[in-house]
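Heads up: the structure comes next, in C-alpha cells.
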Amino acid sequence: LAGLIVYLGMMVGAVLLGGLADKLGRKQCLIISLAINAAFAFLSSFVQGYGFFLFCRLISGLGIGGTLPIVFAYFSEFLSREKRGEHLSWLCMFWMIGGIFASAMAWSIIPHYGNWLVLLTFYNTIMGTKYHFHSWRVFVLVCSLPCIASLVALKFMPESPRFLLEIGKHDEAWMILKQVSYIKTPKQVDEFIEIQSSTGTWYQRWLVRITTTLKQVKRRKKKHHSGSLEVSRTPNACLPFCPSYYGLIVWFPDMIRYFQDEAYESRVKIFDEEEVSHFTFNFTLENQIHRNGQYRNDKFIGMKFKEVRFEDSLFEDCYFEDVTFSETFFENCTIISTIFYNTDLYEHKFINCRLINTTIMEEKEGCHIDFEEDNDFLIYLVSFLGSLSVLPGNIISALLMDKIGRIKMIGGSMLISAVCCFFLFFGNSESAMIGWQCLFCGASIAAWNALDVITVELYPTDKRATAFGILNGLCKFGAILGNSIFSSFVGITKVIPILLASSALVGGGLLALRLPETREQVLM
C-alpha cells in the first residue's frame, strides 16, 4: 500500500500539474511540483501515525507525478532537432541515477541503526523519550535532499522560450535564447532564426516576428489535424507496456522473497512434547515450532524470539523480562501464574490461549525491529542491481535514438523484453530471478526512453505538458493495475504473469509500429 499510494499520487499529479504547466509556464509549475514533493517527503520521515504517513506519501507522489511531464516538455524546448532524441535519452538516465542513489542510501543507512544513535538520542531529547526516530526515517529524510537541491538550482534557470513565444512574450524569449546561445539552433522557420538577427530596423524585426508566428500557427494547425490519428495512437502503444513493466518490477522482488521464505521454512526446527523446568533462557530462539511442550519455573531474560510458534503448550510459574517477540505467537496454550515484564507480547500474539493468574507489566512501546538482523542485504542488492542494469540500455538508446529512429527503438525494445519474459519460466532460484530481472530492465528501458521522446515531439507547445501528463497518468494507472494483478499470483503460479506480460509487450510493440516517426520533425 505504501508503494501503490505513491503511484496514485503520481497519476493525479501528472494530469493536474502537467495541464497547469501549459497555462502558468514550465518553470513555475516545476517549482510547485518539486516543492510539494520535497515538503511532504521531508514531513513523512517525522510522522508517527501510519495513516498520516500514507497521506504524506500520497501528496509527495502528486509532486513527483507533476515533475515528470513538465521536465520533459521544459528540457525539450531548449534542444535542437538533430540531437533532441539523444539529449532527452540522457535526461531519462537520471531516473536510473535516482534509483541507484535511493538503493545505495537504503543499504548504507537502514541496516546500520547503531551508527545513528547520536542523532536519534538528540532528537529524542527534544521530542520526548517515547518518540522513535529509526534509521529508516533518516533514509526517507536523505532521499528528499536531491529534490530540495533541484528546487534551489531551478531558481537560476530561465523559462522555456517556446512557452514565452506561445503567450506572446517575444522579447523575453529572445533574451533567453541569447543566454543559451551555445545550444545550436536548427535552421528552420519556427526555430526563431528570423528574430535572432541583430541587424535591421525595429519594424523589420517585428514584421519577421509576425510573419513567423502566422506561419507557425498555420503549419501547426495543418500538422495537428493531419496527424491527429497518429497522435491518438500513442496511448495504444504505451498502455499495454505499463502494467507489464510495473507488474514485473514488483513481481521480481516478491518472487525473490517467496524463494527466500521457502528456503527459510524448509530449515524450521520442530520440537514435540519437550519438558523444560528451572532453566534460564538468555539466547535467541529462531525459526522453531514447539508443540505440546511443558515449561515450569523457567526464566526468559534479555532474549529474542524470532519466527517461533508455541502450539498446545503449558507455561507455569515462568518469568519473561526484557524479551522481544518477532513474528512469534502462542496458539492454544495455557499460561498459569506467569509474569511478562518489559516485553512486546501484545494481545494479538495470544491465539485461543488461556491466561490464568498471569500478569503483563510495562509493555514495550514503539518499534523494536533490529534493522541489522531483520533486513536481508539481498533486498538492497536487488534494488541496486535493478537500477544499475538499465545503464547499458540508456547508453544504447541515447546513442542510437537519432540514428535508427523512435519507432524501431520502441518496437525492438518491447519485443526483446517479451522474449526475456519467456525465459522467466526457468527462474527457479533467487540468483536466476535476479539475473532475469536485470536483463528485463536493461532491455525495456529503451522503449521507455523512446516513448518519452516521441510523446514530447508529437504535441504542440500549448498542449505538450498536458498531453505528456495525461499519458503519464495513464501509465501510473497501468502501474497500479499491474502491481495489483501480478502480486496476487506470487507463490501460486508463474504462468499467468509471464503470459500476460509477454502478450502485452508483443501487442505494444506491434502497435508502436503504427506511430509516426518524429526523428526529423520540428517541434510545433
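Given the criterion in a strand (DSSP E or B) and without any contact (Cβ under 8 Å) to a residue 24 or more places away in the chain, identify the matching residue among PHE283, PHE271. The unique qualifying residue is PHE271. All conditions in (1) open to solvent by 10 Å² or more (accessible area, probe 1.4 Å); (2) over 15 Å from ALA512 (Cβ atoms); (3) not aliphatic (A, V, I, L, M) hold for GLY469, with the sole exception of (1).
Got a number for residues in region 324-354 being within 36 Å of the chain's Cα centre (by Cα) and of a type in the set (A, V, I, L, M, F, W, C)? Qualifying residue count for the region: 3.
Here MET433 clears all of (1) open to solvent by less than 10 Å² (accessible area, probe 1.4 Å); (2) at pLDDT 90 or above except the condition numbered (2).
Limited to region 36-55, what total is found for residues that are out of contact with any Gly (no Cβ under 7 Å at 6 or more places or on another chain) and either crowded, with 23+ Cβ neighbours inside 10 Å or among the basic types (Lys, Arg) (or both)? Count: 2. Of the candidates ASP452, ASP462, the single residue that is touching an Asp or Glu at 6+ places or on another chain (Cβ under 6 Å), within 30 Å of GLY19 (Cα to Cα), touching a residue at least 24 places away in the same chain (Cβ under 8 Å) and of a type in the set (Asp, Glu) is ASP462. Residues in region 402-422 that are in a helix (DSSP H, G or I) and out of contact with any Leu (no Cβ under 8 Å at 6 or more places or on another chain): ASP402, LYS403, ILE404, LYS408, GLY412, SER413, ILE416, VAL419, PHE422. Here is a check on your reading of the model: is ALA106 at pLDDT 90 or above and either open to solvent by 40 Å² or more (accessible area, probe 1.4 Å) or more than 16 Å from ASP452 (Cβ to Cβ) (or both)? Here the answer is no, as ALA106 does not meet what is asked.
The set of residues in region 258-290 that are closer than 30 Å to TYR319 by Cβ and in contact with a helix residue (DSSP H, G or I) (Cβ under 8 Å, 6 or more places away or on another chain) contains only ASN287. Condition check for GLY393 on (1) touching a residue at least 60 places away in the same chain (Cβ under 8 Å); (2) open to solvent by less than 30 Å² (accessible area, probe 1.4 Å); (3) not aliphatic (A, V, I, L, M): one failure, at (1).
Residue-wise test of (1) among the hydroxyl-bearing types (Ser, Thr, Tyr); (2) under 18 Å from TYR246 (Cα atoms); (3) at pLDDT 85 or above.
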{"residue": "VAL390", "(1), (2), (3)": "no, yes, yes"}
{"residue": "ILE396", "(1), (2), (3)": "no, no, yes"}
{"residue": "ILE404", "(1), (2), (3)": "no, no, yes"}
{"residue": "VAL419", "(1), (2), (3)": "no, yes, yes"}
{"residue": "LEU424", "(1), (2), (3)": "no, yes, no"}
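Does LEU511 satisfy the condition of being under 13 Å from LEU248 (Cβ atoms), touching a residue at least 12 places away in the same chain (Cβ under 8 Å) and over 19 Å from the mean Cα position of the chain (by Cα)? Here the answer is no, as LEU511 does not meet what is asked. Restricting attention to region 268-307, the residues being of a type in the set (D, E, K, R) and surrounded by 12 or more Cβ atoms within 10 Å (Cβ to Cβ) number 9.
The residues of region 136-172 that are assigned to a helix (DSSP H, G or I), more than 29 Å from the chain's Cα centre (by Cα) and surrounded by fewer than 16 Cβ atoms within 10 Å (Cβ to Cβ), listed by number, are ASP171, GLU172. Residue pairs whose Cβ atoms lie under 6 Å apart, separated by 6 or more positions or on different chains, with the first residue in region 408-421 and over 13 Å from SER397 (Cα atoms) and the second open to solvent by 10 Å² or more (accessible area, probe 1.4 Å), are ILE416/ALA443; SER417/ALA443; ALA418/VAL506; CYS420/LEU439; CYS420/ALA443.
Kindly indicate whether any position in region 447-463 is assigned to a helix (DSSP H, G or I) and of a type in the set (Lys, Arg). Within region 447-463, none of the residues are assigned to a helix (DSSP H, G or I) and of a type in the set (Lys, Arg). Take the conditions in contact (Cβ under 8 Å) with a residue 60 or more places away in the chain and either in contact with a Leu (Cβ under 8 Å, 6 or more places away or on another chain) or open to solvent by 10 Å² or more (accessible area, probe 1.4 Å) (or both) and apply them to ILE496. Does it pass? Judged against the criteria, ILE496 is not a match.
A residue that is touching a helix residue (DSSP H, G or I) at 6+ places or on another chain (Cβ under 9 Å), modelled with pLDDT under 85, surrounded by fewer than 19 Cβ atoms within 10 Å (Cβ to Cβ) and more than 23 Å from ALA443 (Cβ to Cβ) occurs somewhere in region 318-337.
The values are calculated or read from the model by the stated rules, or taken from the named source; none is laboratory data. Here the structure is a predicted model, which means the values were calculated and not measured. Glycine also receives a Cβ, built like all others from the backbone with ideal geometry; neighbour counts cover every protein chain displayed. Just the protein is used for accessible areas: all its heavy atoms, side chains included, with ligands, DNA and RNA removed. Shrake-Rupley method; radii C 1.70, N 1.55, O 1.52, S 1.80 Å.
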